[in-house]
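The next block holds one structure in the form of structure tokens; read it before the comments.
The values are calculated or read from the model by the stated rules, or taken from the named source; none is laboratory data. Since the structure is predicted, the reported quantities are computational estimates derived from the model, not experimental observations. Cβ sites come from the backbone with ideal geometry, for glycine too, and all protein chains shown count toward neighbours. All accessible areas refer to the heavy atoms of the entire protein, side chains included, with ligands and DNA or RNA removed. Shrake-Rupley method; radii C 1.70, N 1.55, O 1.52, S 1.80 Å.
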Amino acid sequence: MTSAALVRTPLSPLLRLLILTQLAFNIGFFAVLPFLAEHLADAIGMAGWLVGLVLGLRTFSQQGLFVVGGALADRYGVRPVVLAGCVLRIAGFGWLGYAEETWSVVGAVLLIGLAAALFSPAVESEVARQAVEWEESGGGSRTRVLALFTVAGQVGAFVGPLLGALLLAVDFRVACLAGAGVFVFVLAGHAWLLPQHIPGRARVTEKGGVRALVRNRPFLALCCAYGAYLLAYNQLYLALPEEVERAVGSQAPLAWLFALSSLLVVTAQLPVTRWAGERLDPRRCMAAGLSLIAVGFAAVAVARPAELTGTAGLLPAAGFVVLLTLGQMLIAPVARAWVPDLAEPGRLGLYTGALSSVSGLIVLLGSAGTGTLLDMGLPAAMPWLVLAAVPVAAIALLPRRSRPSRRR
């Protein structure tokens, strides 16, 4: 199915390229990163705390520097920032494939994170800008374009691990080199197809963007609410594995639960976005998504004291994944679509990057708290009830200002 069939009118060639870029980015990334923790622990022999530190550094180097990548895209344009990010990602994956010492692994994962901090906010901000133009030209809701962008990323997140699992049958190094190879193709394609100067995107040379951003209360409120959602989503990798292992004695079912999440996004994201767009403004849409996520945590909390095991024990976890994914489908496209209305003129890259950086910092701090919460020996339901309270509290943080109804 083409992107033109998924929206009212055909998308521009640039939008198609950027959406396919997200697909390729995620294929290359997820062919390697889901298997990194096991490689570090088993092949290299790192202690568990050190594995966690390395993974945290990768996330922080990526999310924390998104604001820098976005500002660079505003200053120098999308093309050079995307191309530089691809070069760094190729170097990072190549380095990781041969890294055997701790310092070398840390250097490689920092380079991998820095690469995404360059190309992701550049691509995401331009998709958002193009989506607004497409909406204002009568093409349809910008949120649908960003939903299509989400679907492309999720397809990549689904295909990438399958590719990586096949390559791991040979060697982790082969998986890394294959991931680098994907970015070689992305680099070549963008060097050829991505315009040097994108019409309508003026480069900003004046200073003061950060000062205005930190005074932009509606935008910072959106960042905090989005960070709460990402903290909840991060429990797929922190709280959920522990619950699955408790229920069945291993983490093997995680692959199926992740596949279920990806399948839901791929098949239902666009219908959910269309349904929500016809009935809900941005604030209500995000509130509905956060509410669903809270219910997912609460469902596990209610079932946890029964200590169910086997298939029955997996049902609350599966329900959590479904509700979390439905919440994601309501929140993620709308949050990205909301940013252009809250950003200062010409600073969309900075604001797009800041959305990820601020929310990433929230996830970093919140994940440390969640890990402590799970290790405190509290009653079985308590950690999940505390986690359920996070998205509920985030609803109150959502900004009151919405874009005019004509632009929804």
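Here are the numbers:
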read-out: Every residue from segment 12-48 that is within 23 Å of the chain's Cα centre (by Cα) and not in a helix (DSSP H, G or I); value: Ala31, Val32
read-out: Set Arg129, Arg173: member being in contact with a Phe, Trp or Tyr (Cβ under 8 Å, 6 or more places away or on another chain), of a type in the set (D, E, K, R), open to solvent by 20 Å² or more (accessible area, probe 1.4 Å) and modelled with pLDDT of 85 or more; value: Arg173
read-out: Residues within segment 245-277 that are charged (D, E, K, R) and within 25 Å of Val155 (Cβ to Cβ), tallied; value: 1
read-out: Test for His197: is it crowded, with 19+ Cβ neighbours inside 10 Å and not small (Gly, Ala, Ser); value: no
read-out: Some residue of segment 188-205 being among the polar types (S, T, N, Q) and closer than 30 Å to Gln328 by Cα; value: no
read-out: From the options Gly289, Gly277, Gly227, residue that is of a type outside the set (Ser, Thr, Tyr), within 18 Å of Thr370 (Cβ to Cβ) and assigned to a helix (DSSP H, G or I); value: Gly227
read-out: Matching residues in segment 322-378 - criterion: being within 21 Å of Ser291 (Cα to Cα), among the polar types (S, T, N, Q) and open to solvent by less than 20 Å² (accessible area, probe 1.4 Å); value: Thr325, Gln328, Ser359, Thr370
read-out: Whichever residue in segment 176-187 is open to solvent by 60 Å² or more (accessible area, probe 1.4 Å) and over 16 Å from Ala108 (Cα atoms) and, among such residues, is modelled with the lowest pLDDT; value: Phe185
read-out: Residue satisfying condition, being within 24 Å of the chain's Cα centre (by Cα) and not in a helix (DSSP H, G or I), within set Ala252, Ala180; value: Ala252
read-out: Filter result for Val174 (under 18 Å from Leu17 (Cβ atoms) and either in contact with a Leu (Cβ under 8 Å, 6 or more places away or on another chain) or in a loop (DSSP other than H, G, I, E, B) (or both)); value: no
read-out: Segment 25-64, subset at pLDDT 80 or above, among the small types (Gly, Ala, Ser) and open to solvent by 30 Å² or more (accessible area, probe 1.4 Å), residue nearest to Val174 (Cα to Cα); value: Ala43
read-out: Test: residue in segment 149-158 that is modelled with pLDDT of 85 or more and surrounded by fewer than 15 Cβ atoms within 10 Å (Cβ to Cβ); value: no
read-out: Enumeration of residues in segment 372-408 that are under 30 Å from Trp275 (Cα atoms), part of a loop (DSSP other than H, G, I, E, B) and either modelled with pLDDT under 90 or more than 24 Å from the chain's Cα centre (by Cα) (or both); value: Pro399, Arg400, Arg401, Ser402, Arg403, Pro404, Arg408
read-out: Helices (runs of 4 or more DSSP H) enclosed by segment 49-155 - at least 2 residues per element that are of a type outside the set (Phe, Trp, Tyr) and without any contact (Cβ under 8 Å) to a residue 40 or more places away in the chain; value: 78-98, 102-136
read-out: Search result, residues across segment 249-294 that are open to solvent by less than 70 Å² (accessible area, probe 1.4 Å), out of contact with any helix residue (DSSP H, G or I) (no Cβ under 6 Å at 6 or more places or on another chain) and not hydrophobic (A, V, I, L, M, F, W, C); value: Gly249, Ser250, Pro271, Asp281, Arg283, Ser291
read-out: Top-ranked residue in segment 100-124 [being over 20 Å from the mean Cα position of the chain (by Cα) and buried (at least 20 other Cβ atoms within 10 Å of the Cβ); ranked as modelled with the highest pLDDT]; value: Ala108
